[in-house]
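Step one of this worksheet: look at the structure below.
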Amino acid sequence: MRTFRVIKAEITKTAKIWLTYPIMIIFWGIFPLVWVLPFIFQGKAFVGGLTSESFKTLTGTGNYLSFVLLGAIISTYIFSGLWGVGNSLREETYWGTLEYMIISPTHPLVILIGKTVVEFIYATFMVATQSLVAVFLLGLKVGLHQLLPVVLIVLLLLVGFYGLAIAFAGFTLLVKEVHGWVHTLEWIFYLFSPIRYPVEVNPITKVISLLIPLTYALVAVRAVILLNKNILSLGKIILLLSIMDAIFLAAGIFLFDYLEKKTRRLGTLAMH
Amino acid sequence: MDALEVRDLTKKFRRGRGLKKREILAVNNVSFSICEGEIFGLLGPNGAGKTTLVRCVATLLIPEAGKILIFGRDIFENSLWARASIGLLTSGERTLYWKLSAVDNLKFFAALYGLTPKERDKRIEYLLELLGLKDVANERVEKYSSGMKQKLSLARSLLHDPKILLLDEPTLGLDPAFSRFIRRFIKEELQRKEKKTILLTTHYMDEADELCDRIAFINCGRIVDVKTPEEYKREMPHKEVLEIRFIGAVEKSAIERIPTVEKASVFSKDGVTTLKIIAPHTEEILSAALAVLGNENKILAINNLQPTLEDVFIHLTGASLKDDLREYTGDEE
């Protein structure tokens, strides 16, 4: 009950602060509608349309636009989580409120779980808007029977990923640097996982992509939606994501606890 | 049983990298204890280690050595329990959500302190009324003055009705009216009515004198002495203080070489230098002091004063409370 109250308080606080920045609301209202345009123009410029035979030999689908749309929608959770969860404690440092949260009798991990839930709600809102635009305006075909398997795959991706984001939040407390690290991770994900292009196009990216859980989730989601595969045929991927979840979540919690204590030992908790 | 006990506490900071790496001993083997219901002051100049000590007690810093006990329980072994027993108030305006109202700020922190909605609403209403913030309770904090923000911070530190309060420079930067209000509130409301145990840090001697039952002088991370304000003043019954304010500069050591001078301190602010000399009979050393100052310094005022707590501090440490001993400006004040 107490944990629930902390999470609810965090949601209320974040929403109220967010609503005081009207320009951000306008930006995030419009952004989901326009972000995809460069991809459409890029695809058309390369292949004269939105389907490609050479693309099909690599991915199993010739529909370049649907491939990119799914990559962008799913990766929204990842990038929003990296910024939102990873940066959340640093943000409290800028506001001067972090120490007052830490000295409360609520475990810092519970506070971070609250922030993760806020981020999940926010990202889900973004993803829902993007998905509606993709389906109704850009012709992405998704059957109702495909929704449940996709939600399952995304949840499996997020449990492990939020574990990493929690560790990252502890790391940013220690190193006092968020932007550089988030941008680095963003570009690692862009380069080595199939968000915008099939990693099979290059042997190096193909190998490295195997280390990134996002790769497996994207492969599975695209298999369900674009290739109409049954979730049971993706058993290996589901198992792999489940194992990664257990490892990343446990490692994330352990690392956060260690890094938060180390920051208090070094005396740099409130430092900018 | 003591409400708060600090045993052999040592806290070091490591600063710099490579060859420039160095260790700063912020708190050096400090011990003291505070009785229930007592206001215990830590008085010392900036950088003396006061804030570091308070942050250790608040569990925001983990010390290298020593123990801190609250009602006999180790705070690092029972950190969540200890945090529920402690309220913290620091100086500085940036400790609240400026985009939220007072009520929203307090509601958020009440959730962190585990208050139920019913307890929370009752407590918030009581505290806002008590601190005179009821009329502005729903206004955004960014519109508040510094004093109002400090009152709201004080309300937050009292939300969970803690037994122990850590007040770190509670009146720093406030105008005289708000300072008076905060001081009266600490003495009347928190100590007399609510019987809180309070650890107060300050470098204002009059604040320490007015509020504290006992004072620990702290300098360079060490506790120099612990006594009541009256005991400190009784230590210097046959001493006088000569204060000379002038424009210019003087070597402290040159003044201390004058016969019968016991201690001297030199402090400059806004182009005016204040020289304080402690001696048994100040009229006997006045002409010698003026000779050391010479014609190149422009004398503004000469006063013969009774010793204050600050003079006792100078007498004990040779340092002034107005000195700034900081080596770095991170966590330390």
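Around the amide H of B:LYS263, modelled in the peptide plane, lie the amide H atoms of B:ILE278, all under 5 Å away and 5 or more residues distant in sequence or on another chain.
For a quick check of your reading of the filter: which chymotrypsin sites (Phe, Trp or Tyr not before Pro) in region A:18-67 sit in a DSSP loop and have no more than 16 other Cβ atoms within 10 Å?
The qualifying sites are A:TRP35.
If you average 1/r over all unlike Cα pairs in region B:158-257 and invert the result, what Kirkwood radius do you get in angstrom? Kirkwood radius, region B:158-257: 16.3 Å. Looking at region A:125-200, the GluC sites (Glu not before Pro) that sit in a DSSP loop and have at most 11 other Cβ atoms within 10 Å of their own Cβ are A:GLU177.
Taking a straight line from the alpha carbon of A:LYS16, these aspartates and glutamates sit under 19 Å away, with near neighbours fewer than eight places off in the same chain left out: A:GLU91, A:GLU92, A:GLU119, B:ASP104, B:ASP121, B:GLU139, B:GLU142. With 24 Å as the limit on Cα-Cα distance, the pairs of A:LYS141/A:LYS229; B:LYS50/B:LYS151; A:LYS262/B:LYS196; A:LYS8/B:LYS99; B:LYS50/B:LYS163 that go past it are A:LYS262/B:LYS196. Of the residues A:ASP245, B:ASP121, B:ASP311, the one with the fewest other Cβ atoms within 10 Å heads the list, and the complete ranking is B:ASP121, A:ASP245, B:ASP311.
Cross-link partners of B:LYS298 among aspartates and glutamates, defined as those whose alpha carbon lies under 17 angstrom from its own and excluding same-chain residues fewer than eight positions apart: B:GLU243, B:GLU251, B:ASP270.
Counting only whole DSSP H helices of chain B, the ones at least 15 Å long by C-alpha along their axis and with mean Kyte-Doolittle hydropathy no lower than -0.5 are B:102-112, B:146-158. Taking amide H atoms as placed 1.01 Å from N in the peptide plane, the amide H of A:THR268 has no partner under 5 Å among residues 5 or more positions away or on other chains.
In this structure, A:ILE247 and B:ARG234 have a Cβ-Cβ separation that, at R0 = 51 Å, corresponds to a calculated FRET efficiency of about 0.15.
Fully extended, how many nm does the chain gain between A:VAL207 and A:PHE46 (0.36 nm per residue separation, minus their Cα-Cα distance)? The A:VAL207-A:PHE46 span can extend by a further 55.4 nm. The modelled label-to-label distance for the pair A:LYS262/A:TRP35, using points 7 Å beyond Cα in the direction of Cβ, is 3.2 nm.
In region B:1-44, which trypsin sites (Lys or Arg not before Pro) are in a loop and have at most 12 other Cβ atoms within 10 Å, using DSSP for the loop call? Loop-located and lightly packed - B:ARG17, B:LYS21. Gain on full extension, evaluated as 0.36 nm per residue between B:LYS195 and B:GLU142 minus their Cα-Cα distance, stands at 15.8 nm.
Computed 3J(HN,Hα) for region B:23-39, one whole-Hz value per residue from the Karplus formula 6.51 cos²θ - 1.76 cosθ + 1.60 where θ = phi - 60°, is 10, 10, 8, 7, 10, 10, 6, 8, 9, 6, 9, 10, 6, 5, x, 8, 9, glycine and proline marked x.
Which of the helices in chain A meet the span-like rule: DSSP H, Cα axial reach of 15 Å or more, Kyte-Doolittle mean at least 1.0?
Helix filter hits for chain A: A:22-34, A:37-47, A:108-136, A:144-175, A:213-225.
The amide H of B:GLY47, built 1.01 Å from its N in the peptide plane, has B:LEU325 as neighbours under 5 Å, considering only residues 5 or more places off or on other chains. Per residue of B:69-81, other chain Cβ atoms within 10 Å of the residue Cβ number 1 on average. Listed by chain and number, the lysines placed with their C-alpha closer than 16 angstrom to that of B:LYS122 are B:LYS107, B:LYS134; residues fewer than eight positions away on the same chain are left out. Classify region B:171-219 as rounded, prolate or oblate, taking a ≥ b ≥ c as the square roots of the eigenvalues of its Cα gyration tensor: rounded when a/c is under 1.5, otherwise prolate if a/b is larger than b/c and oblate if not. Oblate, since a/c reaches 1.5 and b/c is not below a/b. Given R0 = 60 Å, the distance between the Cβ atoms of A:LEU138 and B:ARG73 translates into a calculated FRET efficiency of 0.45.
Full extension of the chain between B:ALA288 and B:LEU300 yields a length gain of 2.6 nm, computed as 0.36 nm times the residue separation minus the alpha carbon distance. For B:ASP209, B:ASP2, the sequence from fewest to most other C-beta atoms within 10 Å is B:ASP2, B:ASP209.
Estimate the FRET efficiency between B:GLU36 and B:ASP175 by the formula 1/(1 + (r/R0)^6), using the beta-carbon distance for r and 41 Å for R0, to the nearest 0.05. Don't skip to the answer; put the middle values down first.
On the way: r = 33 Å, r/R0 = 0.81.
The formula returns an efficiency of 0.80 here.
Since every read-out is calculated from the coordinates, none of them should be taken as a lab result. Predicted model only: the values in this text are computed from it and were never measured. Here Cβ is always computed from backbone atoms with ideal geometry, including for glycine, and neighbour counts include all displayed protein chains.
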